[in-house]
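K.L.:
Next up is a structure, given as structure tokens.
The values are calculated or read from the model by the stated rules, or taken from the named source; none is laboratory data. This one's a predicted model, so the numbers in the text were calculated from it and none came from an experiment. Here the Cβ is made from the backbone with ideal geometry for all residues, glycine too, and neighbour counts use every protein chain on show.
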Amino acid sequence: MGDSHLPNPDAASYELALANRKLVTIVMGMTLMMGLIACLSYLAGRSVTGIRTEKARPAVIPPPVIVEAPTAPIQRAEMSPQPPPAPTPVVASLLGPQLYLQVAAGAESDLAPLRSNLEKDALPLRTVLIDDIFRLLVGPVRDSAHQKELEGKLRQADRQFFPRRL
């Protein structure tokens, strides 16, 4: 095998070479860990900064509805045997904050058969246009007893509903 120059394990240079290998391994491992931490910190900071740089949308507060008292005396119309005119949709912002029970939503022509079925039960119905969708509402609800009465009639008619404040 000849003369191989392997370091003597008892020599001081052997300990220094072994210590240098361990030291280099530790330094490389720490460098990789610091690089990983720095990369993740950068990505996390970038995502949070993207949220903060979005411009805040200003709150849109609709102008208040002004109601004026009538100046002339109110005259009551006499009851006529004519059928009531076709219901016209009411814009939701004119109704005020009242509680209703929403029964359906969709096109106005789709709500007509449901409306005629519910009119047979003598429910106070209203068609409202919200976000370009017609909604069929029952109400307004006067108090909790009236709400329970309306909910009972809707359950008897097997209609699903949910409360909606407009």
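K.L.:
Just checking, how many residues over region 116-141 are assigned to a helix (DSSP H, G or I) and closer than 12 Å to Leu154 by Cα? Can you show your working first?
P.N.:
So in region 116-141, the residues assigned to a helix (DSSP H, G or I) come out as 116-119.
Then drop every residue that is not closer than 12 Å to Leu154 by Cα, which leaves 117-119.
So the count comes out to 3.
K.L.:
Yes or no: Glu78 outside the structural domain of Ala157 (by TED's automatic domain parsing) and at pLDDT 65 or above? Show your work before the answer.
P.N.:
Working: outside the structural domain of Ala157 (by TED's automatic domain parsing): yes; at pLDDT 65 or above: yes.
Yes: the conditions hold for Glu78.
K.L.:
Which of the residues that make up region 113-162 are exposed (fewer than 14 other Cβ atoms within 10 Å of the Cβ) and within 29 Å of the chain's Cα centre (by Cα)?
P.N.:
Passing the criteria: Asp131, Asp132, Ile133, Arg142, Asp143, Ser144, Lys148, Arg155, Asp158, Gln160, Phe162.
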